[in-house]
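Okay, so here's the structure we're looking at.
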Amino acid sequence: MNATSFDDAPEAAGSDATGPGSEPVLAPGRIVLLTTSHRVAPGLLSWPAWQALRGADQVLCADGAHPQLPYLREAGITVAELSPSAQDLVDACAGGRTVVVVATGEGEPRLTDGLARLAGSGRIQMPELELLPASYDLPGARLLDLVQVMDRIRVECPWSSQQTHKGLAKYGIEEAYELVEAIEEGDRDELREELGDVLLQVVFHARIAEEGGEEDGAAPFSIDDVAGGIVAKLIHRHPHVFGDETATTPDEVKEHWLRTKAVEKQRTSVTEGIPLGQPGLALAAKLSSRVRTAGLEVPLPQGEGVGYELLAMAAHAEAEGVDPEAALRAAARAYRDAIRATEGSRA
């Protein structure tokens, strides 16, 4: 079925017409450019791809180390390690033959550009051209690239190879604030970039964690463990999606979440799990939210000074459904704009 060189192509095979003087006119044939994703395990090809490979008169690949080749040969597909020119490929298809080209990682730009030039010349009858994706990236597949890049950086970069969880902590805070700023500014391009920066922090910490504890010899874990943990948590806390519970309103969803979380954590105080290192207004609002959700009657502490006044304002804002931290940032941005306007008027 499969040829190993262009010399085997019959000169008049498949001819279905004659030209002047009864000379045979060869059918132009078919070229299939087979592309695969390096993010999908080699050998896992679509059924149309296997049909094209098995029905081809010739299968070519310019890269002798292509990861698909061992699996194609194991399946009985003869693959010639050739890098033909566009004209060579057109000639090989003469007589109605089908040639499949297993594309390299670069996508064969030299070949496709050459075929485009031949087609544009109008001087020859071109074969049927088909681009056939043999494997597709699933949603999230590019995350595999990030994991691989981070792994290499961790090994080869003098700065990244020395970083620790503690050393990176400040960057996580900075990136989170920059993400919030992009959200509040409504800048979609900036939002995409900042989400990437936050994601980098997650992958970076997970890569460090693969090496075990920094000082206490803690057991290592990987990005897969991180992802597996949050997947399990999300499924458990969404019984109305993955279980038999029902929820038709956001309040019912929140009730499910809080109930399952309480069972998981088995906390003795509503204050447990609240990070005290967060900004003051956010901290005050979070404490107030926990108290209100738990149905506790806890009077605000009385005292002198702006701190107690801010505490009361934060609790009041939270009770009204207002994020005091976001509200203050919005007011601060308005103040910033006023400062710039004043500076501009003096220029």
Number of the condition not met by LEU131 [criteria: (1) free of Cβ contacts under 8 Å to residues at least 60 places away in the same chain; (2) within 30 Å of ASP91 (Cα to Cα)]: (1)
Some residue of the stretch 229-242 being open to solvent by less than 50 Å² (accessible area, probe 1.4 Å), out of contact with any Pro (no Cβ under 6 Å at 6 or more places or on another chain) and closer than 18 Å to SER289 by Cβ: yes
Filter result (open to solvent by 80 Å² or more (accessible area, probe 1.4 Å) and under 29 Å from the mean Cα position of the chain (by Cα)) within the stretch 71-91: TYR71
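Given the structure, is PRO139 under 20 Å from THR36 (Cβ atoms) and either open to solvent by 70 Å² or more (accessible area, probe 1.4 Å) or in contact with a Lys or Arg (Cβ under 9 Å, 6 or more places away or on another chain) (or both)? Don't jump to the end; show me each part of the working.
Working: under 20 Å from THR36 (Cβ atoms): yes; either open to solvent by 70 Å² or more (accessible area, probe 1.4 Å) or in contact with a Lys or Arg (Cβ under 9 Å, 6 or more places away or on another chain) (or both): yes.
Yes.
So in the stretch 92-118, with the set limited to residues that are assigned to a helix (DSSP H, G or I) and within 29 Å of the chain's Cα centre (by Cα), which one is surrounded by the fewest Cβ atoms within 10 Å (Cβ to Cβ)?
It comes out as PRO109.
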Residues (of a type in the set (A, V, I, L, M, F, W, C) and part of a strand (DSSP E or B)) located in the stretch 126-146: LEU129, LEU131, LEU132
Residue match in the stretch 124-135 (condition: under 30 Å from ASP225 (Cβ atoms) and of a type outside the set (Phe, Trp, Tyr)): yes
Whichever residue in the stretch 35-61 is hydrophobic (A, V, I, L, M, F, W, C) and loosely packed, with under 15 Cβ neighbours inside 10 Å and, among such residues, is nearest to VAL147 (Cα to Cα): ALA41
The one condition in (1) open to solvent by 60 Å² or more (accessible area, probe 1.4 Å); (2) touching a residue at least 60 places away in the same chain (Cβ under 8 Å) that ILE223 fails to fulfil: (1)
Any hit, the stretch 260-282, residues being more than 35 Å from the chain's Cα centre (by Cα), at pLDDT 85 or above, closer than 19 Å to LEU328 by Cβ and surrounded by 14 or more Cβ atoms within 10 Å (Cβ to Cβ): no
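Per-residue answers, yes or no, for (1) over 23 Å from ILE153 (Cα atoms); (2) at pLDDT 90 or above; (3) more than 28 Å from the chain's Cα centre (by Cα):
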| residue | (1), (2), (3) |
| --- | --- |
| GLY212 | no, no, no |
| PHE221 | no, yes, no |
| VAL226 | no, yes, no |
| ALA232 | yes, yes, no |
| HIS240 | yes, no, no |
| GLU245 | yes, no, yes |
| THR248 | yes, no, yes |
Candidates ARG192, ARG123, ARG154, filtered to the one that is among the charged types (D, E, K, R), without any contact (Cβ under 8 Å) to a residue 12 or more places away in the chain and either over 29 Å from ALA334 (Cβ atoms) or not in a helix (DSSP H, G or I) (or both): ARG123
Criterion violated by GLY64 - all others in (1) without any contact (Cβ under 8 Å) to a residue 60 or more places away in the chain; (2) open to solvent by less than 70 Å² (accessible area, probe 1.4 Å); (3) over 30 Å from VAL198 (Cβ atoms); (4) in contact with a Leu (Cβ under 9 Å, 6 or more places away or on another chain) satisfied: (4)
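The values are calculated or read from the model by the stated rules, or taken from the named source; none is laboratory data. Given the structure is predicted, the values throughout are model-derived calculations rather than measurements. Here the Cβ is made from the backbone with ideal geometry for all residues, glycine too, and neighbour counts use every protein chain on show. When the accessible area is computed, the model is the full protein with side chains, heavy atoms only, and any ligands, DNA or RNA have been set aside. Shrake-Rupley method; radii C 1.70, N 1.55, O 1.52, S 1.80 Å.
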